[in-house]
1. When only residues in region 17-63 that are assigned to a loop (DSSP other than H, G, I, E, B), of a type in the set (Gly, Ala, Ser) and in contact (Cβ under 8 Å) with a residue 40 or more places away in the chain count, which is nearest to Leu92 (Cα to Cα)?
2. Would you mind finding the one in Glu31, Glu112 that is charged (D, E, K, R) and closer than 23 Å to Asp129 by Cβ?
3. Quick check on my filter: what residues within region 34-90 are closer than 18 Å to Cys105 by Cα and of a type in the set (A, V, I, L, M, F, W, C)?
4. Go through region 109-123 and give me each residue that's under 14 Å from Glu49 (Cα atoms) and either loosely packed, with under 12 Cβ neighbours inside 10 Å or touching a strand residue (DSSP E or B) at 6+ places or on another chain (Cβ under 7 Å) (or both).
5. Among the helices (runs of 4 or more DSSP H) confined wholly to region 66-136, which include 2 or more residues that are under 13 Å from the mean Cα position of the chain (by Cα) and acidic (Asp, Glu)?
6. List the number of the failed condition for Asn52; all other conditions in (1) more than 18 Å from Asn121 (Cα to Cα); (2) surrounded by 14 or more Cβ atoms within 10 Å (Cβ to Cβ); (3) at pLDDT 95 or above hold.
7. Return the only residue of Asp101, Asp126 being surrounded by fewer than 18 Cβ atoms within 10 Å (Cβ to Cβ) and at pLDDT below 95.
8. Restricting attention to region 55-81, which residues are polar (S, T, N, Q) and surrounded by 14 or more Cβ atoms within 10 Å (Cβ to Cβ)?
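The values are calculated or read from the model by the stated rules, or taken from the named source; none is laboratory data. From a predicted model like this one, the values you see are computed outputs, not experimental measurements. FYI the Cβ positions are ideal-geometry reconstructions off the backbone, even for glycines, and counts take in every protein chain you see.
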Amino acid sequence: MKEMIQHIITKLKGDKKMKIVIPTEDMNGLESKVSEHFGKCNTYTFVDENGNVTEIINNTSEHMGGVGLPPELMKKHGADILLCRGLGPRALEMCKEFGIDVYVCQVETAGEMFWLWKKKNIKRADANDICEEHKH
């Protein structure tokens, strides 16, 4: 069943490569430290499904004095998957609405997080993964 679902997803997306985003603290690509707080990170590091860094952007969301919410910014840049340490309930819901799959784990670097996802050793986010300070 899982293989069938993956085949359908691949067919719907065509030849489009998956775009994975990781909230990071700097512009050091896969060597960057993963941010503790997804919405208040300094940068978002985008990688393809092979682990190649495709883009690193500054967090220009309203959490950092800019405009819009982090899920909107990520979707604007084509994110399909978010890998993070945790997030609030509103962010998780918005990601779902935008079709961004969310996975969580507690590691130090973007590279570690990506390779855990690649090896399918990372948890899909659910209500139990909401950051404590965001449970309202």
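1. Ser35
2. Matching residue, one of Glu31, Glu112: Glu112.
3. Residues satisfying the conditions are Val34, Phe38, Cys41, Phe46, Val47, Ile81, Leu82, Leu83, Cys84, Leu87.
4. Within region 109-123, Ala110, Met113, Phe114, Trp117, Lys119, Lys120 qualify.
5. Because the criterion is at least 2 residues that are under 13 Å from the mean Cα position of the chain (by Cα) and acidic (Asp, Glu), no helices (runs of 4 or more DSSP H) in region 66-136 meet it.
6. For Asn52, the failing item is (2).
7. Just one listed residue meets the conditions, Asp126.
8. Start the filter on region 55-81 by keeping residues that are polar (S, T, N, Q), which leaves 58-61.
Answer for region 55-81, where residues must be polar (S, T, N, Q) and surrounded by 14 or more Cβ atoms within 10 Å (Cβ to Cβ): Asn59, Thr60, Ser61.
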